[in-house]
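The values are calculated or read from the model by the stated rules, or taken from the named source; none is laboratory data. From a predicted model like this one, the values you see are computed outputs, not experimental measurements. Cβ: placed from backbone, ideal geometry, glycine included. Neighbour counts: every protein chain shown.
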Amino acid sequence: MASLEDIGVSAFINILGAFAFLLAFALLRIQPLNDRVYFPKWYINGTRRSPRTSGNFVGKFVNLNFKTYFTFLNWMPEALRMSETEIIDHAGLDSAVFLRIYLLGTVSFRDEMLVVQFQVVVRNVPRVSGHSMAESVDHFFQTNHPDHYLGHQAIYNANKFAKLVRKRERLHNWLDYNQIKFERHPDKKPTRKKGFLGLWGEKVDSIDYYKQEMKELDKRIASERQRIIKDPKSIMPVAFVSFNSRWGAAVCAQTQQSKNPTLWLTTWAPEPRDVYWRNLAIPFVSLSIRKLVISISVFALVFFYMIPIAFVQSLANLDGLERVAPFLRPVVELKIIKSFLQGFLPGLALKIFMYILPTVLMIMSKIEGHLAVSLLERKAAAKYYYFMLVNVFLGSIVTGTAFEQLHSFLHQSPTQ
């Protein structure tokens, strides 16, 4: 197992790494090449000019004022002495909010009524011949909830429309960037090439190019919007239903609405910004299969992920490793290598495994079919908790001495 010396080596490497990153930040911050990266607000306000516009060729990329290298950490005490107003002016509102987050956490807010508390989402709405989806939903809830039903909003399959809107937002960002660039340097109009990714083709004015692209895209967006509205197949078997009381919404969300348990599935509607739209139209049968498959996958991930964890933890017991692989003994016996393997490498490998795990669990939760982003995060966090409990807590305890216990058992005399 890792000794106190090994833990010291691990702590030294981590502290050295943290200091190296801090030093790299402090040095990169004063280089002319990175000036716009670390002082964007000053450039936007016009209070700072690029140091690359003056000086020799080397001075445009490297800070040649050696006095600044002796005072490159002066920003730390100055930042601690700043008032909140100065922090907002210097670094922006987000930095001030970050510093005040602990104070805001102590404030109690009054619970206000929200629109989402009066809404439920209904899924697997059956299609009735001769009736539109909106008519079916309206008739069903007026019949079954006549005293509390207020109205509903049908959901359209607008995936293609959403892609066009996102593309327009990207073009608009590029247009804003080039317009700001031209305002700062009126003598030099921004240009780009019309080919793939602007790498080749005819060179044109960037501002005119993006305006024309947005104009053509607006026509496509309007056409796609009309197509979605007129096409009855674009309406998905899902709707957001509103009630005139929270009691009526609660009754609808928590009771079965039909004799067929796979139809008219109701649940509390998530807040509009919290909806994960891709999972709205998943059929009941597919939803059940997805949950079963993901449950089996999570079980396999939790218990079979212990295999690489066991291997990593076995590195902390080098005696067993030397017996299994004697040819590694000359290398392992080196003091520096031994301390590195026992004190630092197991933790590093474990952190790499843990780094990719949240992404995998979030993908699993999305496949599972949950409607809200917050619910996806909560389900992924629950899976992560089970994983940590089984693999990191129990696994680290059990597998740390597993090889030694197995060796002792195999070589134990019959009389013992």
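In the range 149-193, the qualifying residues are those that are touching a strand residue (DSSP E or B) at 6+ places or on another chain (Cβ under 8 Å) and small (Gly, Ala, Ser), and the one that is surrounded by the fewest Cβ atoms within 10 Å (Cβ to Cβ) is GLY151.
Just one of (1) closer than 23 Å to ASN244 by Cβ; (2) in contact with a Phe, Trp or Tyr (Cβ under 7 Å, 6 or more places away or on another chain) fails for ASN144. It is (2).
Please enumerate the residues belonging to the range 263-286 that are within 19 Å of GLN119 (Cα to Cα) and part of a helix (DSSP H, G or I).
Across the range 263-286, the qualifying residues are PRO272, ARG273, ASP274, TRP277, ASN279.
Is it the case, given these coordinates, that ALA281 is buried (at least 17 other Cβ atoms within 10 Å of the Cβ), closer than 22 Å to ASP138 by Cβ, touching a residue at least 40 places away in the same chain (Cβ under 8 Å) and not hydroxyl-bearing (Ser, Thr, Tyr)? In short, no.
Note on the range 278-298: residues that are touching a helix residue (DSSP H, G or I) at 6+ places or on another chain (Cβ under 8 Å), modelled with pLDDT under 90 and not β-branched (Val, Ile, Thr) total 2. For beta carbons closer than 7 Å, sequence separation of 6+ or different chains, a first residue in the range 62-77 that is under 17 Å from ASN34 (Cα atoms) and assigned by TED's automatic domain parsing to the domain that holds PRO32 and a second that is surrounded by 11 or more Cβ atoms within 10 Å (Cβ to Cβ) and of a type outside the set (A, V, I, L, M, F, W, C), the qualifying pairs are VAL62/GLN31; ASN63/GLN31; ASN63/PRO32. Among the residues making up the range 194-209, a single one is of a type in the set (A, V, I, L, M), assigned to a helix (DSSP H, G or I) and surrounded by 11 or more Cβ atoms within 10 Å (Cβ to Cβ): ILE207. Can you confirm whether TYR69 is modelled with pLDDT under 85 and either hydrophobic (A, V, I, L, M, F, W, C) or exposed (fewer than 13 other Cβ atoms within 10 Å of the Cβ) (or both)? Judged against the criteria, TYR69 is a match. Beta carbons closer than 9 Å, at least 6 apart along the sequence or on distinct chains, pair a first residue in the range 131-150 that is closer than 19 Å to LYS259 by Cα with a second that is charged (D, E, K, R) and at pLDDT below 90 for SER136/ARG127.
Taking the range 353-416 as the region of interest, the helices (runs of 4 or more DSSP H) fully inside it that hold 1 or more residues being surrounded by fewer than 17 Cβ atoms within 10 Å (Cβ to Cβ), modelled with pLDDT under 65 and hydrophobic (A, V, I, L, M, F, W, C) are 395-399, 402-410. Taken as a whole, the structure places GLN212 among residues that are assigned to a helix (DSSP H, G or I), farther than 25 Å from PRO40 by Cβ, of a type outside the set (Ser, Thr, Tyr) and not assigned by TED's automatic domain parsing to the domain that holds GLY46.
Taken over the range 179-205, the criterion of being modelled with pLDDT of 75 or more and under 32 Å from the mean Cα position of the chain (by Cα) is satisfied by GLN179, ILE180, LYS181.
The residue that is nearest to PRO272 (Cα to Cα), counting only those in the range 144-193 that are of a type in the set (Phe, Trp, Tyr) and assigned to a helix (DSSP H, G or I), is PHE161. Being among the aliphatic types (A, V, I, L, M), modelled with pLDDT of 80 or more, within 28 Å of LYS181 (Cα to Cα) and surrounded by fewer than 13 Cβ atoms within 10 Å (Cβ to Cβ), is that true of even one residue in the range 97-104? The answer is no; no qualifying residue exists. Where helices (runs of 4 or more DSSP H) sit wholly within the range 1-101, those with at least 2 residues that are within 27 Å of the chain's Cα centre (by Cα) and among the aliphatic types (A, V, I, L, M) occupy 4-29, 84-91, 93-99. When the range 220-262 is limited to residues that are part of a loop (DSSP other than H, G, I, E, B) and within 33 Å of the chain's Cα centre (by Cα), the one that is surrounded by the fewest Cβ atoms within 10 Å (Cβ to Cβ) turns out to be GLN254.
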